[in-house]
Each structure stands twice: as C-alpha cells, then as structure tokens.
Amino acid sequence: MTAPLTLALINGFLGAGKTTLIAAAAKRLQARGRRVAVITNDQAADLVDTHNLRGQGLDVAEVAGGCFCCQFDGLMATLDGLRRGGSNPEIVLAEAVGSCTDISATVVQPLKDLHHDSVRLAPFTVMVDAPRLKNAVALAAEDQLGKDVLYIFDRQVEEADLMLLNKTDLVSPAEIEALSAEMRRRRPGTPLIATAARTGVGVEAWIDALLSGAGAGGGTGAGRSVLDLDYDRYAAGEAELGWLNAHISLAQPADGWRAAAIALVERLRTAFRARGAAIAHLKVALNGAGGSVVIGLPDASAEASISETGTADPAAPVTLVLNARIRLAPEDLRQEIERALPGTAGTMTILELSAFRPARPQPTHRYGQPIA
Ligand SMILES: Nc1nc2c(ncn2[C@@H]2O[C@H](COP(=O)(O)OP(=O)(O)OP(=O)(O)O)[C@@H](O)[C@H]2O)c(=O)[nH]1
Ligand SMILES: [Mg+2]
C-alpha cells in the first residue's frame, strides 16, 4: 500500500488570498525538501488560479464543474491522478471554491470515514480577509454583496480547525487585535494565525500548523465539528453572484500585453461601478511564449494586484483567461465582458465562455455529525 498523503484543505471567501498563500507555502515546503502539489477547484473550467500557480512552476491539478462537496469523486480521482503522476506528492494543498461552505460535513467527514487509509488530513483551514471582516462587522447585514452572501461569509469560519486572518498589512495593529477577538468569538477554542500572504507573514507558521496537525480544541486532526446550515440561504447566497469564466486567444496587443491586461481590468472596474455591481473577485491571466501576467481585483475599491512570471515574447500571440465573480445577472455580466474585451487587442477568438449563477449545492455526501 502506498503511504498516505497529507491533504490540506483551505477555504475562505472569494479574494481572501488563498491562492497567494498556497503559492507561498508550496514554495517554502519545496525548500524544506517536501514534494508538493496543488488542487484548484471551481464551478467551471478555465481557472486563472491554475494558470497562475502553474506559471510559478507548481504541480497543479484542477477539479472543475462544481465545488469539492459536489465533486467529491472528482476530488478523489484527482488525488489519485497526482499520486500516480510524476511528482508523487507527499502534501497536497487544495483550495475550495470561495463561495462554498459546509466543507467539514461534505468533504472532511467523508474523507475521514471512507479514505482514512490513503489520506491524512491536516487541520481544515479557513482564511478570512481582514478588511472584509472589518466591513462585515461594521455594516452587519448591509454588505454590498448582499445579506445572503454575507451569510456564507459568516458561516465559513464557524467550521474551521485553523483560522487565518489575512491581509493584516491593510489594517492597523489595534484592528488586528479586534478582528482576531471577533474571530475567536465566532469560533472559540480554535487556533488563529495572523497572515499577510502577499508578503509572506505567517506562512511558515501555517505550514508548521499543517504538518503538526494542531487544530481546534488543542487536538490534532481535522473536522472537529460540522455546520448547522440553512441550505436555502446558502444556495440563495451563491446565486447572488454572476460567474463568468472565459478563455480567449489574442493576437499581439498593440500596447504590449501587460498594459492590455491592466487596461481590461480597469475598463471592467469602471463598467461594474457604473452599474452598481459589486465585485467579489475579478481575475485575468495572460499567457504567452515565455511568460505570464496575472491581474487580480478583489473588490471595486482595491488596487489591482499584478504579478508577472518570466519574460513573454512581445511578438507572440497570447491566451487570456478571465474569471469574474460579480453581483450581476450572468447575461449582463457576459455583455459587459464582451463589450470590454475588443479594446484588448486587434484580433481575438473566444475559445470558451461560460456565464451562469452557481446551481444549488448538491453534496455527494453529507455527514450530520463529526466522525471521531
Ligand atoms: N494586501 C494584501 N493583498 C493580498 C494578500 N494576500 C492576497 N492578496 C491579494 O488579494 C487578491 C486575492 O488573492 P487570491 O490569492 O487570488 O485570493 P483567493 O482567495 O485565492 O481568491 P478566489 O480564488 O477568487 O477565491 C490578490 O489581488 C492578492 O494579491 C495580503 O496578505 N495582503
Ligand atoms: Mg484562488
């Protein structure tokens, strides 16, 4: 029998910083001599996160077409594929879809019950975006994403074995204290690490917690509790957001592709603002021969983040992958994106484009009680 691999599941609302943390942690684990792979997950294919992480040289597999809870068998097949594949990882970091919750009942418990021979679970991590929590506390039910989306945001942390308060670089030390206290109030007895994934703060501490298995209640392991969740509100919250994934082939952008990607994101920011459509996360990846650029906009007022790997051949064609999670009807979202796209380049071919509202979650398994 092959040795069990360690699976570290991480959830947290859209744009919290999960992919940024995973990239940072995977590289540090590799530097410690560990074999690591990453699993990304989404409602549809063509993920910016997958391109982003692969562009950073990581071994990445994708579970597309539904969250881990609804694609549990797909998750198991993907783990199996990684195990048989070239890198044969000891540790797999798996990022759930950021609009999902109830991962303990639908993913962690079935893994404990049905797959404990082949998978060792690290504490289930939930990451919270510090500025978003600050806003949620201040505005209560009036969050710009709507009260049902806020319901999901609020529930996510309540099932954590390990909590991360991220983007601590964007709040003051006093606010870190207050927000940490708020998280401890929401999820008592659960370890909390303050992180700034973008600058690397807290990443080593997270890795140590994953490897030692230190989780909720001072115990080890994963899935101490399961949520008592209102699936109608959960489904309504997910359906508040329009979801669009596109994969587009572009001829050489006139101003260079970095400028073209930034201009596209800024055109979309303006368009969504004009319609009063809140941004949950807008991501664009441009990939060409020799390099890639990833632009992220986690909300309408944030500064767009830009990361580049390699040096792309400026004369070569590129592919653009775009993922938008916006509080807007899918048909309107599609229209705005199609309207914004042509300015990006002279010639483009849309290879794939899907725009939809996430369907009601139908988990493969659901355990009403935690497995001992
Ligand atoms: N200031 C700051 N920004 C961060 C930090 N961590 C991540 N970000 C930025 O937040 C944005 C979202 O980060 P991601 O890592 O893509 O977030 P995610 O949780 O994977 O998002 P989804 O996959 O859409 O759910 C990006 O623009 C990041 O650069 C941080 O610690 N501080
Ligand atoms: Mg991500």
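Across segment 7-41, the number of residues qualifying as within 9 Å of ligand 2 (Cβ to nearest atom), of a type outside the set (A, V, I, L, M, F, W, C) and not in a strand (DSSP E or B) comes to 5.
Table: residues versus (1) in contact with a Phe, Trp or Tyr (Cβ under 9 Å, 6 or more places away or on another chain); (2) without any contact (Cβ under 8 Å) to a residue 40 or more places away in the chain.
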| position | (1), (2) |
| --- | --- |
| V63 | no, yes |
| C67 | no, no |
| Q71 | no, no |
| M76 | no, yes |
| N88 | no, no |
| L93 | no, no |
| A96 | yes, no |
| C100 | yes, no |
| A105 | yes, no |
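The set of residues from segment 26-44 being of a type in the set (G, A, S) and either surrounded by 21 or more Cβ atoms within 10 Å (Cβ to Cβ) or in contact with a Leu (Cβ under 6 Å, 6 or more places away or on another chain) (or both) comprises A26, A37.
Take the residues in segment 343-364 that are more than 22 Å from the chain's Cα centre (by Cα) and part of a loop (DSSP other than H, G, I, E, B); name whichever of them is modelled with the lowest pLDDT. Among them, the one singled out is A345. Scanning segment 72-83 finds no residues that are buried (at least 18 other Cβ atoms within 10 Å of the Cβ) and within 13 Å of ligand 2 (Cβ to nearest atom). Listed conditions (1) farther than 19 Å from E352 by Cβ; (2) within 13 Å of ligand 1 (Cβ to nearest atom); (3) among the acidic types (D, E) are all met by D59, apart from (2). Test S180 against the stated conditions and say whether it is in contact with a strand residue (DSSP E or B) (Cβ under 8 Å, 6 or more places away or on another chain) and free of Cβ contacts under 8 Å to residues at least 24 places away in the same chain. When the stated conditions are applied, S180 passes them.
Of all residues assigned to segment 106-124, none qualifies as being more than 16 Å from ligand 1 (Cβ to nearest atom), modelled with pLDDT of 95 or more, among the aromatic types (F, W, Y) and not in a strand (DSSP E or B). Within segment 281-294, can you find the residues that are of a type in the set (A, V, I, L, M, F, W, C), within 13 Å of ligand 1 (Cβ to nearest atom) and surrounded by fewer than 23 Cβ atoms within 10 Å (Cβ to Cβ)? Those that are of a type in the set (A, V, I, L, M, F, W, C), within 13 Å of ligand 1 (Cβ to nearest atom) and surrounded by fewer than 23 Cβ atoms within 10 Å (Cβ to Cβ): none in segment 281-294. Restricted to segment 253-314, the set of strands (runs of 3 or more DSSP E) holding at least 1 residues that are at negative phi and free of Cβ contacts under 8 Å to residues at least 40 places away in the same chain comprises 279-288, 291-297.
The values are calculated or read from the model by the stated rules, or taken from the named source; none is laboratory data. Everything numeric here is computed off the predicted structure, so don't read it as measured data. All Cβ positions, even for glycine, are placed from backbone atoms using ideal geometry, and neighbour counts span all protein chains on display.
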